[in-house]
Amino acid sequence: VASISHHDIPGNTTEQLKRHLLDAIGSLIQAQGSSTVAKLAVQIKSLKPGGDCRTPLLGNLPVDRAAQWYTALIRFPDFMDNFIGKEATCHPSDNIGPLLAACQHLELEGGDFLLAMAIAYTIECTLVEEFPVMVKGFDHTMLYAYSVTAALSKLFELSIAQTAHALGMAGA
């Protein structure tokens, strides 16, 4: 996580990440008319308003609520990428919501987002292959804690020690 840069991502991988992002944005747009998502919007609006992340429908939100909102919009239609491992599966696009919010909060650019997305996708898919937790009765989203934490560590420029501690907390 600490050593990877934009230059390490092959062009064809970047293009595939953009396709996955486009799919996620399509889901985000489609979900905005859902009554279930409208209920979440009421809950989020009932909390302290404001923040530096400008979101669809709800306006400015703090980074944590923006991450929740983006994730709900992307995930609700359940029409997203799917990685199928030997014994388990996952939806790497579950990482996109927090990454969008963090990039907005930090005022980062698209290249930073795609780098974080590459980190998250790689870690989540590798963990699904190497640690198929579903066969032990755990949901694949358990591994998401590691992938999104690693990617956010990169975006927030955490040191190697801070990243290790963040991953340890995510695992706990």
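Among the charged types (D, E, K, R) and modelled with pLDDT of 95 or more, is that true of Lys39?
Against the criterion (among the charged types (D, E, K, R) and modelled with pLDDT of 95 or more), Lys39 qualifies.
Please go through segment 79-103 and give me each residue that is in contact with a strand residue (DSSP E or B) (Cβ under 7 Å, 6 or more places away or on another chain) and either part of a loop (DSSP other than H, G, I, E, B) or modelled with pLDDT of 95 or more (or both), ordered by number.
Those that are in contact with a strand residue (DSSP E or B) (Cβ under 7 Å, 6 or more places away or on another chain) and either part of a loop (DSSP other than H, G, I, E, B) or modelled with pLDDT of 95 or more (or both): Asn82, Ala101.
Contact list please: Cβ distance under 9 Å, first residue in segment 70-82 and at positive phi, second residue surrounded by 15 or more Cβ atoms within 10 Å (Cβ to Cβ) and assigned to a loop (DSSP other than H, G, I, E, B), pairs at least six apart or on different chains.
Cβ pairs passing all conditions: Asp78/His91.
Hey, can you tell me all the residues within segment 1-15 that are open to solvent by 40 Å² or more (accessible area, probe 1.4 Å), in contact with a helix residue (DSSP H, G or I) (Cβ under 9 Å, 6 or more places away or on another chain) and in a helix (DSSP H, G or I)?
His6, Asp8, Thr13
So which pairs qualify, if the first residue must be in segment 132-161 and over 19 Å from Ala118 (Cα atoms), the second must be surrounded by 18 or more Cβ atoms within 10 Å (Cβ to Cβ), the Cβ gap must be under 6 Å, and the two must be at least 6 apart or on different chains?
Pro132/Ala88; Met134/Ala88; Met134/His140
Among Val37, Val42, which is open to solvent by 60 Å² or more (accessible area, probe 1.4 Å) and in a helix (DSSP H, G or I)?
That would be Val42, the only listed residue that is open to solvent by 60 Å² or more (accessible area, probe 1.4 Å) and in a helix (DSSP H, G or I).
The values are calculated or read from the model by the stated rules, or taken from the named source; none is laboratory data. Owing to the predicted nature of the structure, the values given are computational and were not obtained by experimental measurement. Ideal geometry is used to build each Cβ from the backbone, glycine not excepted, and the neighbour counts take in all protein chains shown. Note: areas computed on protein heavy atoms with side chains; ligands, DNA, RNA excluded. Shrake-Rupley method; radii C 1.70, N 1.55, O 1.52, S 1.80 Å.
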